[in-house]
Amino acid sequence: MHAAIQFQHEHSDVAKEWHDKSNYLVFLSTRDLNALDKLIYKANCKDIKHSIFREPDIGNVITAVAFEPSKASSKLLSSLPLALNNIN
């Protein structure tokens, strides 16, 4: 959620359109921080808008990223599993 709120502040025009048309959220996970870094790199290369959240309690490590709702984002993220999918 931190990354989503960050996205709203950094990309308010995109966030407003998302809110008005969709309002869906999907939480995905990566296997580790290196995989998260690779996603950020690929998003930058493809000009996919995104916002990064750094966790101040653990040395400002990147712990979450919010991506714009788009076909390019869907393609980039399509292989990631749902977060917390195995919790009973």
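Just so you know, all these numbers are worked out from the coordinates, no wet-lab data involved. In this text, all values refer to a predicted model and were calculated from it rather than measured experimentally. Note that each Cβ is placed from the backbone with ideal geometry, even for glycine, and that neighbours are counted across all protein chains shown.
Full-extension gain between Gln8 and Asn34, please, as 0.36 nm times their residue separation minus the C-alpha to C-alpha distance.
So the chain would gain 6.9 nm between Gln8 and Asn34.
Which option, (i) 23.1, 81; (ii) 13.0, 38; (iii) 12.2, 35, is the value of Rg and Dmax of the Cα atoms in Å that was calculated from these coordinates?
Among (i) 23.1, 81; (ii) 13.0, 38; (iii) 12.2, 35, the one calculated here is (ii).
Using the count of nearby Cβ atoms within 10 Å as a rough guide to exposure, how do Val14, Val65, Val26 rank from fewest to most?
Val26, Val14, Val65
Just to verify a number: FRET efficiency for Lys21 and Ser78, C-beta to C-beta distance, R0 = 30 Å, to 0.05?
0.90
Towards the positive end of the charge dipole of the chain, with charges on Cβ (+1 Lys, Arg; -1 Asp, Glu), say which of Ser74, Ala64, Phe27 has the farthest Cα.
It is Ser74, whose Cα lies furthest towards the positive end.
With an 8 Å cut-off on Cα pairs and a minimum separation of 6 or more residues, tell me the relative contact order of the chain in percent.
Relative contact order here is 36 percent.
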